[in-house]
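Rule-based calculations on the coordinates, nothing more; no lab input. Please read these numbers as outputs of a predicted model, since none were measured by experiment. Neighbour counts run over all protein chains shown; Cβ positions are idealised from the backbone, glycine included.
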Amino acid sequence: MSECIVITSGKGGVGKTTTTANLGVALAQQGHTVAVVDADIGLRNLDVILGLENRIVYDLVHVIEGECRLKQGLIKDKRLDGLSLLPAAQTRDKNAVTPDQMRKLVAELKEHFDYVLVDCPAGIEQGFKNAVAGADKAIIVTTPEVSAIRDADRIIGMVEAAELPEPQLIINRFRAKMVQSGDMMNKEDILEILAIPLLGVVPDHEDIIVSANRGVPVAFDDESLVGEAYRRIGRRLGGEPDVPLLDLTVDDGLWTTIKRWMGLAPAREVAR
Amino acid sequence: MRDLFNRFFGGPKTVGKSKEEAKQRLKFLLIHDQVDLTPAQLDTMKAEILEVIAKYVEIDQDGTEFKLEKEEDCIALVSSIPVRRVVERPASPPPAGVTPAPA
């Protein structure tokens, strides 16, 4: 049975598009067929994160308006069997599409793919309403910051109002060292406030910037810790809910370990 | 010398624990987002509630506390109002709509 998942956050710049791209890759690596859909009409970016921007001929609005068939609008990722992108239109705006049209589009995509991942635009207006229209469930992306969590709380309410089931949370840009020193909210702090189930924690890392520069999602990189975080989230999403989260404990070095023995350093804080 | 000591052994730092501030600010924000009342409106509400209570009992105005707290599924207005003594008032209740107490 196929499923449509919308990736949303309320606030912009917390990593929705990066998350969508990497979860698409992670699910396809497990052998699922996946369509990633860029619902950010007018500000398309998912194509760039995936490195597929040079292959766009048609887009989501063309498909919806019947100017091309769905198959023509989809771009197959040649690096990975089973992954396809439906890009957003760049020269139109959010009002070019209605929730009903999105629902119909998603229904058609679900006939061909195991997973349909919709990258939701920031904000709570028309773009959000379009993106959640055809979704079966939602993933909320947030960062450990006051503003991002505040917006996530608002979006959780809107997801519930749209009659979707309880969403799951991905905490992005997690910095274990700052959590350890008490300068960043930890996993438990955030879950206490948002009160939804945790799907995964993704560490803040330079790999993300390098992968965006190259157009190669970090989930392709077997050596990368961030890539591993996304692969695990993909497995939890794709039918293995018991896969443990990545251990993001800081590697302290000898000095801190000795200090901890002597009671001079705080206890370790683990984000599992 | 102290600097050197701190460098090696990690003495008191100026950073740290700002997450508690973040958490408290967030909790306050989320409650106020949900209630959708401005701080000024909350102050007015508090003053009006105290005014009503003061008709019946003498209260310690400075010792009162009003807080919005997030419970399981709802927002609760939690208040603590110290009572000094009961105000003397007529035996029978006044007719409805008459004699609003002076502020």
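Miscellaneous remarks
- Separation of the residue B:24 and residue B:85 label points, Cα + 7 Å toward Cβ, nm: 3.8 nm
- Long-range HN-HN contacts of residue A:117 with modeled amide H, under 5 Å: A:5, A:35, A:36, A:37
- Inverse of mean 1/r across different Cα pairs in the protein assembly as shown, Kirkwood, Å: 23.9 Å
- Here the calculated FRET efficiency for residue B:36 and residue B:65, from their Cβ-Cβ distance with R0 = 22 Å, stands at 0.50, rounded to the nearest 0.05.
- Packing-based ranking of B:44-55, A:237-248 yields A:237-248, B:44-55, ordered from highest to lowest mean Cβ neighbour count within 10 Å.
- Between the C-alpha center of segment A:203-223 and that of segment A:164-182 there is a gap of 19 Å.
- Computed from the C-beta positions of residue A:240 and residue A:93 and an R0 of 35 Å, the FRET efficiency is 0.35 to the nearest 0.05.
- Taking a point 7 Å out from the Cα of residue A:56 in the direction of its Cβ, the residues of segment A:79-112 whose backbone N falls within less than 13 Å of it are A:85-93.
- Efficiency of FRET from Cβ geometry, residue A:164 and residue B:51, R₀ 56 Å, rounded to 0.05: 0.80
- Inter-site label distance for residue A:78 and residue A:249 at 7 Å from Cα along Cβ, in nm: 4.5 nm
- Cross-link pairs B:19/B:46; A:104/A:137; A:11/A:137 - those with Cα-Cα distance over 27 Å: B:19/B:46
- Database remark: amide H of residue A:173 closer than 5 angstrom to the amide H of A:202, A:204 (H placed geometrically; neighbours at sequence offset of 5 or more, or on other chains; Pro and chain starts carry no H).
- Summarising the label geometry, the points placed 7 Å from Cα in the beta-carbon direction at residue A:225 and residue B:43 lie 4.8 nm from one another.
- MRE, 222 nm, helices only [DSSP H, n ≥ 4, -39500 (n - 2.57), over the protein assembly as shown, to nearest 500]: -11500 deg cm²/dmol
- Segment A:1-52 shape via C-alpha gyration tensor axes, a/c threshold 1.5: prolate
- Its convex hull of Cα atoms gives segment B:37-87 a direction-averaged projected area, equal to a quarter of the hull surface, of 4.0 nm².
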